[in-house]
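The values are calculated or read from the model by the stated rules, or taken from the named source; none is laboratory data. The shown structure was predicted, so the numbers you read here are calculated from the model rather than taken from an experiment. Neighbour counts run over all protein chains shown; Cβ positions are idealised from the backbone, glycine included. Ligands, DNA and RNA are excluded from the accessible area calculation, which covers all protein heavy atoms including side chains. Shrake-Rupley method; radii C 1.70, N 1.55, O 1.52, S 1.80 Å.
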Amino acid sequence: MGKAKKKFPYNVRRKALLWSARHCCLCRKQCGLDIELHHIDPTLDLPHLNAIDNAIPVCYECHSKLEFSLLNSPRGSKFSQREIKETRDQIYEEKTRHLVPVIMYGPTNDFTFPQVRFCITNTDGTLNVRVRCKVEIYVSGKLFGTPTRHYSGDHLWVCNPGLTVSGWFDLANPAKLKKRSAYSGVPPHEASGKKLRLRVHLTIIDVFEREHERIPVTWYFSWEKQEWVYDP
Ligand SMILES: [Zn+2]
């Protein structure tokens, strides 16, 4: 691997320094100008070698220790690559979580089945974020697929402060649903009496373009009450 190739591109450097607020991601020291980016796994090929997941901002001292620990010295307890990444992500989270507003989201019950209304609300007064939302439809425990476009996980919703963004999808419209080829059960709008669930994956993207994933959550459809119920 030539030295010239082993350099993080500007946007990777920029994000890593913003996300860490220029703190060393091992000893947590605020470094100001005295910070460097270390390649966590120097054996990777491009483009993974210079990807943001392979970078960790560190102070000079910790950088030397990390380089030293690659030399297989018998002394001390080496960092595993996983530990380095988890420690780094913890610092990134700590230094960016003030950029993440409380987001309320989920299906609402003001449309009639099989149409589903879906809302995302940014309850904060100042924080601009974008949100990626992926809704998975499960029938009797089997993944049917996802609604297209805004609910497929590819589309970014702009969520300005105080704004509720809403949309809807139709469980009976095959043109608006992306069905998994492996799915062989009944379609969701004909699932009456069966278990019908929406599993929602939400990722909040802050102004520094860091992604904050929420734990996926589920709503099931109560056929009796004809409404979506949050399932903790
Ligand atoms: Zn350090």
Filter region 44-78 for residues that are under 10 Å from LEU26 (Cα atoms) and not in a helix (DSSP H, G or I); the one that is nearest to the ligand (Cβ to nearest atom) is CYS59
Residue match in region 211-222 (condition: among the aromatic types (Phe, Trp, Tyr), touching a residue at least 12 places away in the same chain (Cβ under 8 Å) and open to solvent by 70 Å² or more (accessible area, probe 1.4 Å))
yes
Scanning region 52-79 for residues that are open to solvent by 60 Å² or more (accessible area, probe 1.4 Å) and among the hydroxyl-bearing types (Ser, Thr, Tyr), the one modelled with the highest pLDDT turns out to be TYR60
Cβ pairs under 8 Å, 6+ apart or interchain, first in region 30-41 and under 21 Å from ILE52 (Cβ atoms), second charged (D, E, K, R) and open to solvent by less than 70 Å² (accessible area, probe 1.4 Å), ordered by first then second residue, are ILE40/LYS85
Checked VAL186, VAL207 against criteria (open to solvent by 60 Å² or more (accessible area, probe 1.4 Å), part of a loop (DSSP other than H, G, I, E, B), among the aliphatic types (A, V, I, L, M) and in contact (Cβ under 8 Å) with a residue 12 or more places away in the chain); the one match is VAL207
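Does any residue of region 27-39 turn out to be assigned to a loop (DSSP other than H, G, I, E, B), within 20 Å of GLU211 (Cα to Cα) and either among the hydrophobic types (A, V, I, L, M, F, W, C) or more than 16 Å from the ligand (Cβ to nearest atom) (or both)?
At the first step, the residues of region 27-39 found to be assigned to a loop (DSSP other than H, G, I, E, B) are 27-29, 31-35.
Within this subset, residues satisfying the condition of being within 20 Å of GLU211 (Cα to Cα) are none.
Within region 27-39, none of the residues are assigned to a loop (DSSP other than H, G, I, E, B), within 20 Å of GLU211 (Cα to Cα) and either among the hydrophobic types (A, V, I, L, M, F, W, C) or more than 16 Å from the ligand (Cβ to nearest atom) (or both).
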